[in-house]
Amino acid sequence: MTTAVISKPLTPRRVMMRRALRHKGFLMAGTVLALIVLAAIFAPLLAPDDPYEQDLLARLQVPVYLGGSWDHPLGTDSLGRDVLSRLIYGARISILIGLIAACVSAVIGTTLGVLAGYFGGRVDKVVQFLINVRLAMPVVLVGLAVVSLRGGSLWVVTSVLGLLLWDRFAVVLRSATMQVRSMEYVAAAEVLGAPLHRVLFKDILPNVMNHLIVIATLEMAHAIILEAALSFLGLGVRPPTPSWGLMISEGKEMLLFDSWLIATPGLAIFVLVLCINMFGDAIRDITAPEGRN
Amino acid sequence: MAETVLSIRNLTVDLPEGADRPHAVEGLSLDVRPNEIVCIVGESGSGKSITSFATMGLLPAALRPSAGEVLFEGADVLKMSEAGHARLRGNRMAMIFQEPMSALNPCYTVGDQIEEVFETHATLSRSARRKRVIALLEEVRLPDPERIYHSFPHQLSGGQRQRIVIAMALAMDPTLLIADEPTTALDVTTQMQILKMFRRLKEERGAGIMFVTHDFDVVAEIADRVVVMQKGRVVEQGTAEEVLNHPTHPYTRQLIDAVPRRTRAARETDAGAEIALRVQGLEKAFHTPRTLFSPARTVRAVANVDFTVRRGETLGIVGESGSGKSTLVRCLMRLTEPEDGAVWVGNQNLLETQRGNLRAYRKEIQIVFQDPYGSLNPRRTIGDQLLEGPTNFGVPRAEAWEKARELMRIVKLNDEALYRYPNQFSGGQRQRICIARALMVEPSILIADEAVSALDVSVQKEVLTLLREIRERMGLTMLFITHDLRVAAQVCDSVIVMEKGRIVESGPIDRVFAEPQAEYTRKLLSAQPGQGWEVPDLGVTA
């Protein structure tokens with residue numbers, strides 16, 4: 001009964017595929033994430049209304065589940081904009097910020113971490129110093145300062161987050177690289193005269209990739225939450241851009257009267273971050289099952 | 001029957017679906033009587049550890065015994081509740097593990113850890129417990145029991161730690177002692193002391209001992225009866241004398257035949273051949289800077305090492321762990337920068353070569369590492385890794401592929417292996433791949449750093465034969481680093497014995513092993529297990 005499985009050669013990729021398809025968390029979180037991403041991409045087709053169009057006569061309509069009408073399934077905000085449409089368009093902002101910030105951080109952190117881990121010694125000391133400097137700066141405070149100086153916009157927020165969230169990449173990849181560096185296949189490659197870039201790209205990077213992916217998902221979730229926090233404080237993306245954080249911020253005056261205004265984007269952020277984190281955990285399980293506990 | 005301590009009848013343990021065979025252990029029956037050492041021998045994956053875990057009730061959740069019984073003092077252990085097991089373990093039966101460091105908790109003193117056994121299984125006053133612990137430490141011959149009592153595991157050596165584990169196992173005077181490869185992680189001299197202790201325990205305590213090992217020389221040293229396992233089944237059992245000297249089952253014969261002989265296949269060495277490698281005054285020390293709590297320390301890992309190797313010669317470098325063998329090799333390869341000395345290959349001093357120019361000389365010396373699992377990159381195909389060397393030296397791809405195919409044939413693997421990933425190969429196959437990888441750049445010197453230590457005996461024999469063939473075929477010069485004197489005796493022409501970074505003795509292997517001059521060499525040689533056993537010539541051709 002197992003012959004069918006054994007007859008195919010088990011490349012590392014195929015082994016991972018098999019584990020992935022058996023992993024419940026991976027399938028669940030992956031499905032939800034895929035739905036959210038698809039919704040963000042096809043927002044113009046899916047959104048029932050223009051997210052910017054105000055209709056002051058239809059302000060603060062309650063959502064369907066509280067007895068509202070199907071014209072605005074998730075109700076309207078205090079300017080009469082359709083919440084569902086804003087939610088769908090808002091997914092674009094959250095995912096964009098999450099992705100770009102995580103990528104920028106990944107590039108910075110991985111470069112520093114791998115170099116520190118591979119070379120050790122002085123390079124390591126410099127990188128550790130940089131990490132300490134970075135850790136000494138509270139992200140939200142620096143973010144607030146930069147945004148208030150440069151003015152809030154999508155790009156400012158994204159780049160500030162991207163330039164601030166690399167510490168975990170650097171710390172984790174530094175130790176992962178140190179571990180891989182002590183493996184004998186790295187020594188074997190050096191002995192075979194492999195130039196530095198080949199050792200780094202062929203022997204080190206593929207073997208620390210799973211750490212990189214896991215941290216990337218964590219930092220993506222982190223960036224999304226920080227964007228929401230900055231927007232909530234009024235220093236993130238500028239209104240009227242639909243952003244989930246901004247939607248919470250705009251709803252905060254209504255907290256005691258129309259709490260669904262906050263609950264809806266709040267729930268969206270919660271689900272997105274939860275799924276990204278679950279996805280990251282799943283990737284860790286799939287790429288390195290021995291690291292699970 | 002009343003005399004047996006442990007009697008296993010028809011034990012079958014299932015493996016989870018999708019494993020290479022349906023049962024980890026199948027229809028196993030054996031008896032352990034008091035005052036007897038029963039050795040379970042087999043290669044890795046033969047189910048010998050599963051047998052000991054099943055007896056202790058420590059099987060991993062995925063493995064379930066599906067048939068048979070394990071009768072210990074008349075009761076079936078397999079039908080016992082978890083609590084019933086816990087009452088037996090450490091009390092009536094006790095286990096000694098392979099790795100003494102991980103068997104002890106680093107956060108408690110060893111005294112506390114032994115006392116815990118008494119706290120669990122007996123009601124004794126504090127002072128009585130302490131007295132018993134000290135008595136135990138004396139029994140396992142630890143020096144200065146008072147000091148040891150207050151020591152933490154990391155303050156003790158490997159052999160001392162293993163004694164602590166044994167003392168713990170002995171605490172409640174168990175009738176059954178299970179030892180799972182208890183000496184495999186230890187140096188030979190320490191191994192000898194521990195083996196002697198097992199023999200003494202058998203006589204003084206009268207306990208039954210089930211001793212799991214893969215090493216026939218250890219079996220010859222201590223066993224009363226031997227059980228040979230292969231793929232979960234018992235293929236042969238009997239008294240030590242019968243099994244060791246008159247094995248009947250083909251598998252046992254094959255295993256015994258693979259045991260390294262202490263004699264070398266006679267081989268001509270050309271004393272007039274040119275010198276391939278000359279090492280002069282090599283020095284490497286490791287410095288630990290002073291910290292708040294400890295003064296600065298300097299350890300001379302390699303101290304003033306001189307030797308020469310002639311073309312076509314095989315030089316053995318032997319010594320126990322910590323003798324500086326591996327550091328010496330890393331210095332030769334310049335994986336570690338030595339502090340002083342010279343390494344001449346032909347008329348080029350490798351240590352004076354700039355790092356940038358070093359690549360040209362990388363071709364000359366290649367290495368095969370110890371750990372077959374750590375020395376291949378899991379994320380690259382075998383072909384990709386074999387091509388690494390030639391690519392770096394600018395050999396065209398097609399030519400390199402041709403060479404890779406040829407080498408795969410030489411190391412007796414299929415061409416198709418080139419397209420596979422390392423996870424599809426066994427330890428022995430991986431080691432052959434590593435040899436092929438090293439030979440891809442046509443080195444003149446090959447270093448084997450404990451290249452066969454991690455392998456089962458029969459695989460070890462194959463790899464050694466392969467190395468010998470390759471050496472003859474290509475006229476390679478070899479440095480063979482090993483802690484196993486039997487293996488050294490088999491393959492080397494001359495030998496260097498290292499202790500604490502120094503060469504204490506060197507010379508032709510026959511002379512060094514027959515008439516050792518240095519005290520340390522003599523100690524090493526006399527600690528070899530199984531010396532009373534003349535490996536029978538079974539005429540098996542593997």
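Apply the Karplus curve 6.51 cos²θ - 1.76 cosθ + 1.60, θ = phi - 60°, to the phi angles in the stretch B:336-347 and return the couplings in whole Hz, x for Gly and Pro.
Karplus-based 3J(HN,Hα) across the stretch B:336-347 equals 10, 7, x, 8, 7, x, 9, 10, 9, 10, x, 10 Hz.
Whole number please: convex hull volume per residue, Cα atoms of the protein assembly as shown, in Å³. Walk me through the numbers before you get to the answer.
Details: hull volume 194.6 nm³, N = 835.
Looking at the protein assembly as shown, the number lands at 233 Å³ per residue.
When the convex hull of the Cα atoms of chain B is projected onto a plane and the area is averaged over all directions, what value comes out in nm²?
Values: hull surface 112.3 nm².
In nm², the orientation-averaged hull projection of chain B is 28.1.
Put a dot 7 Å past each Cα toward the Cβ at B:Met101 and B:Ala128; how far apart are the dots in nm?
3.8
Give the dimensionless ratio obtained when the Cα radius of gyration of the stretch A:94-139 is divided by 2.2 N^0.38 Å.
On the way: Rg = 12.6 Å, N = 46, 2.2 N^0.38 = 9.4 Å.
Expressed relative to 2.2 N^0.38 Å, the Cα Rg reads 1.34.
Less than 17 Å from a label point 7 Å out along the Cα-to-Cβ axis of B:Glu242: which backbone N atoms in the stretch B:57-96 qualify, by residue?
Those under the cut-off are none; the list is empty.
Exposure proxy check: A:Trp70, A:Trp166, A:Trp155 ranked by fewest other beta carbons within 10 Å? Please report the intermediate quantities before stating the final value.
Working: A:Trp70 7, A:Trp166 27, A:Trp155 12.
Taking fewest neighbouring Cβ atoms as first place, the list is A:Trp70, A:Trp155, A:Trp166.
What is the Cα centroid distance between the stretch B:383-446 and the stretch A:44-103, reported in whole angstrom?
Value for the Cα centre distance between the two parts: 60 Å.
So for the stretch B:101-171, averaging the separation of alpha carbon pairs under 8 Å that are six or more residues apart and normalising by length, what relative contact order in percent results?
Details: 70 pairs, mean separation 34.5, N = 71.
The normalised contact order for the stretch B:101-171 reaches 49 percent.
Once every DSSP H run of n ≥ 4 in chain B is given -39500 (n - 2.57) and the sum is divided by its residues, what mean residue ellipticity at 222 nm do you get, rounded to the nearest 500 deg cm²/dmol? Show your work: numbers first, answer last.
Numbers: 20 runs with 194 residues, N = 542.
Per the formula, -10500 deg cm²/dmol.
Sort B:Cys492, B:Cys107 so that the residue with the fewest other Cβ atoms within 10 Å of its own Cβ comes first and the one with the most comes last. Numbers along the way, then the final one.
On the way: B:Cys492 25, B:Cys107 9.
Sorted ascending by nearby Cβ count, the order is B:Cys107, B:Cys492.
Using only Cα atoms, what Kirkwood radius does the stretch B:83-158 have, in angstroms? Walk me through the numbers on the way to the answer.
Numbers: mean 1/r = 0.0750 Å⁻¹.
It is 13.3 Å.
Restricting the calculation to Cα positions, tell me the Rg (one decimal) and the Dmax (whole number) of chain A in Å.
Looking at chain A, its Cα Rg and Dmax stand at 22.8, 76 Å.
Sort B:Tyr361, B:Tyr520 so the one with the fewest other Cβ atoms within 10 Å of its own Cβ comes first. Don't skip to the answer; put the middle values down first.
Numbers: B:Tyr361 17, B:Tyr520 20.
Ranking B:Tyr361, B:Tyr520 by Cβ neighbours within 10 Å, fewest first, gives B:Tyr361, B:Tyr520.
Where the centre of each part is set by its Cα atoms, how far does the stretch B:64-109 sit from the stretch A:226-293, in angstrom?
After rounding, the separation between the Cα centres reads 50 Å.
Starting from 0.36 nm per residue, how many nanometres of slack lie between B:His154 and B:Glu283 once their C-alpha separation is accounted for? Before the final figure, lay out the partial values.
On the way: separation 129, 0.36 × 129 = 46.44 nm, distance 2.84 nm.
Separation in residues times 0.36 nm, less the Cα-Cα distance, equals 43.6 nm.
Between Rg and the Kirkwood Rh of the stretch B:174-303, both from Cα atoms, what is the Rg to Rh ratio? Don't skip to the end; give the middle numbers.
Values: Rg = 22.7 Å, Rh = 19.4 Å.
Result for the stretch B:174-303 is an Rg/Rh of 1.17.
Using a 7 Å offset from the Cα along the Cα-to-Cβ direction at both B:His249 and A:Gln179, what is the distance between the two label points in nm, to one decimal?
Distance between the two pseudo-spin positions: 3.9 nm.
Per residue of the stretch B:528-535, what does 6.51 cos²θ - 1.76 cosθ + 1.60 with θ = phi - 60° give for ³J(HN,Hα)? Whole Hz please, x for Gly and Pro, Karplus curve as stated.
4, x, x, 6, x, 9, 8, 4
Whole angstrom only: what separates the Cα centroid of the stretch B:294-313 from the Cα centroid of the stretch B:479-542?
Centre-to-centre distance over Cα atoms comes out at 20 Å.
If you bin the C-alpha pair distances of the stretch B:265-353 every 5 Å from 0, what whole percents do you get?
3, 12, 19, 20, 16, 12, 8, 4, 2, 2, 1, 0
For the stretch B:386-525, take every pair of Cα atoms, bin their distances at 10 Å starting from 0, and report each bin as a whole percent.
In order of increasing distance, the bins hold 10, 36, 30, 16, 7, 0 percent.
Any read-out appearing in this document is the output of simple, stated calculations on the displayed coordinates, not a laboratory observation. The structure displayed is predicted, hence computed values, not measured ones. Cβ atoms come from the backbone with ideal geometry, glycine included; neighbour counts cover every protein chain shown.
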